[in-house]
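A short worksheet on the structure shown next.
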Amino acid sequence: MWRPTGLGPVGRTALMAAAIAALAATSAFAFDNMSPEQRAALEAKAIDVAATDGETAAAEGGERTIFDGVYTAEQADRGMGFFGTDCATCHSNTARGSSAAPGLIGYTLDNKYADESLFTYFDYMRSNMPPGNAGWFTDQEYADIVAYLLELHGAPAGDTELEGTEEALSTITIVPTP
Ligand code: HEC
């Protein structure tokens, strides 16, 4: 199959959407008259098309993305405290960056970290931030900071806390804002 290797994540997503739309269009006239089995087969085929886009980890295993409510509002509040005392001086209160440090949300998540696992983002933070004091927080506290940053980014909260473990964080994929 021809693969759009040169395209960025946004391009790939658009292409995938187009592929699914095309698949739906060719079968649309018949879709309404189909048996449940036929519909299921067609839908499975659409999912197959999505899964063929191997670079998108979320499509591969039906895993979660950062927009699936992967943290709680309470947790984000805790993270806000840590962020305010130890990160905001450089990254600004909005986490959109300053002359001293890059933005951590918006473009950074939508583009730079797109298609990476949330663990990659977390692990960079834990291993490098704050500069000269990496590992200052516990893993769970770093996860709380990630929760707060996801909130600032516009990703919704959910019912379960984000766990500060590689096992949990690597199942969550950063995808561009829908
Ligand atoms: C003294 C200023 C300073 C403080 C305090 C600080 N950072 Fe940073 N941070 C930076 C700089 C500078 C970079 C860019 C480093 C680079 O590109 O090599 C950065 C990069 C990052 C990145 C990677 C951004 C990217 O584009 O990949 C993350 C995530 C991050 N910081 C999170 C944090 C968190 C969370 C805290 C608080 C625990 C924190 N930082 C505290 C200066 C700071």
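Quick note: the coordinates plus some simple rules give every number you see, no bench work behind them. Remember, it's a predicted structure, so these values are computed and weren't measured experimentally. We place every Cβ from the backbone using ideal geometry, glycine too, and count neighbours over all the protein chains shown.
So if we plug the beta-carbon distance of residue 136 and residue 35 into 1/(1 + (r/R0)^6) with R0 = 35 Å, what FRET efficiency do we get, rounded to 0.05?
Rounded to the nearest 0.05, the efficiency is 0.05.
What residues have an amide H closer than 5 Å to that of residue 172, excluding those fewer than 5 places away on the same chain, when H is modeled at 1.01 Å from N in the peptide plane?
Amide H neighbours of residue 172: 118, 119.
Report, by chain and number, residues whose modeled amide H sits under 5 Å from the one on residue 162, excluding near sequence neighbours (fewer than 5 apart, same chain).
Amide H neighbours of residue 162, under 5 Å, 5+ apart: 72.
Between residue 74 and residue 163, what is the spin-label point distance in nm, taking each point 7 Å from the Cα along the Cα→C-beta axis?
Placing both labels 7 Å beyond Cα along the Cβ direction yields 1.8 nm.
Per-residue counts of other Cβ atoms within 10 Å, averaged by peptide: what ranking do you get for 126-132, 156-162, highest first?
Working: 126-132: 13.7, 156-162: 15.7.
With the highest mean Cβ count within 10 Å placed first, the list reads 156-162, 126-132.
Mind ordering 92-98, 140-146 by average Cβ neighbours within 10 Å, highest first?
140-146, 92-98
Got a sec to turn the phi values of the stretch 77-93 into Karplus ³J(HN,Hα) couplings, 6.51 cos²θ - 1.76 cosθ + 1.60 with θ = phi - 60°, whole Hz, x for Gly and Pro?
Values per residue, Gly and Pro as x: 5, 4, x, 4, x, 5, 4, x, 7, 10, 10, 5, 3, 9, 8, 6, 4 Hz.
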